[in-house]
Amino acid sequence: MLISTLALALALGGGGSALAQAPASPVAAPLNNGPCLDSAVAVPRTLNGTGKRSEVVRIDKVIATSTFIDGEIIGYLYTRQDGTTYLGQRKSDYMSGADSTAINAVFASTHLPDATVTQFPPIRRFGVKTNYQEIFQVRIPTPALEPLHIGLQACVAWPAGTALPDPIP
């Protein structure tokens with residue numbers, strides 16, 4: 001599918017020059033390219049709220065450190081401007097059964113005390129999108145990373161000192 005999409009883009013663009021153009025300035029466009037392309041939310045889109053305080057300013061990859069899936073990206077940790085953190089899985093195309101088990105174990109240990117959901121619900125059922133919530137607020141203290149068999153790796157962050165744009169609908 002990727003090859004056919006690329007071929008179509010090349011055919012419509014009249015060669016590779018249209019694909020090689022740089023995007024608009026980073027202040028005007030959300031940071032949803034590069035290593036975080038399969039994350040559910042882009043920087044600086046809003047997450048669970050409206051206004052400046054609910055804008056995502058940083059995305060970290062959640063990397064598994066357990067034996068069988070060591071080094072695999074199993075999810076993303078989103079940090080809002082107000083400092084709250086949210087956990088989300090990778091898109092289902094990139095998740096294995098072992099990855100799902102690992103990210104559910106992290107979520108089960110780090111969800112908020114009053115949370116009623118303690119594992120990620122299915123995104124699709126029998127090929128139909130379920131519209132269940134996909135990203136949940138969590139608290140992951142630094143000393144918990146090793147016992148949870150995860151590491152965090154910076155993926156994308158809004159440049160320090162640069163004003164955030166208006167929230168994107």
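Every number in this text was worked out from the coordinates using simple rules, so none of it is lab data. Quantities reported herein were computed from a predicted structural model and do not represent experimental measurements. Glycine also receives a Cβ, built like all others from the backbone with ideal geometry; neighbour counts cover every protein chain displayed.
Some notes on this structure:
- The stretch between A144 and R53, if pulled fully straight at 0.36 nm per residue, gains 30.1 nm over its current Cα-Cα span.
- For the range 128-140, Karplus couplings with θ = phi - 60° (6.51, -1.76, 1.60), whole Hz, Gly/Pro x: 10, 4, 8, 6, 6, 4, 10, 10, 10, 6, 9, 10, 10
- Converting phi to 3J(HN,Hα) with the Karplus coefficients 6.51, -1.76 and 1.60 and the offset θ = phi - 60°, the range 55-68 yields 6, 6, 10, 7, 10, 10, 6, 9, 9, 6, 10, 6, 4, 6 Hz in sequence order, with x at every glycine or proline.
- Coil-residue chymotrypsin sites (Phe, Trp or Tyr not before Pro) of the range 64-169, DSSP, other Cβ within 10 Å capped at 13: F68, F126, Y132
- Relative contact order (percent, whole number), the range 54-169, Cα cutoff 8 Å, 6+ residue spacing: 32
- Each principal axis of the Cα atoms in the range 42-119 has its own extent, and those three values, largest first, are 41, 27, 20 angstrom.
- Simple label model, 7 Å out from Cα along Cβ direction - T85 to T130, nm: 2.5
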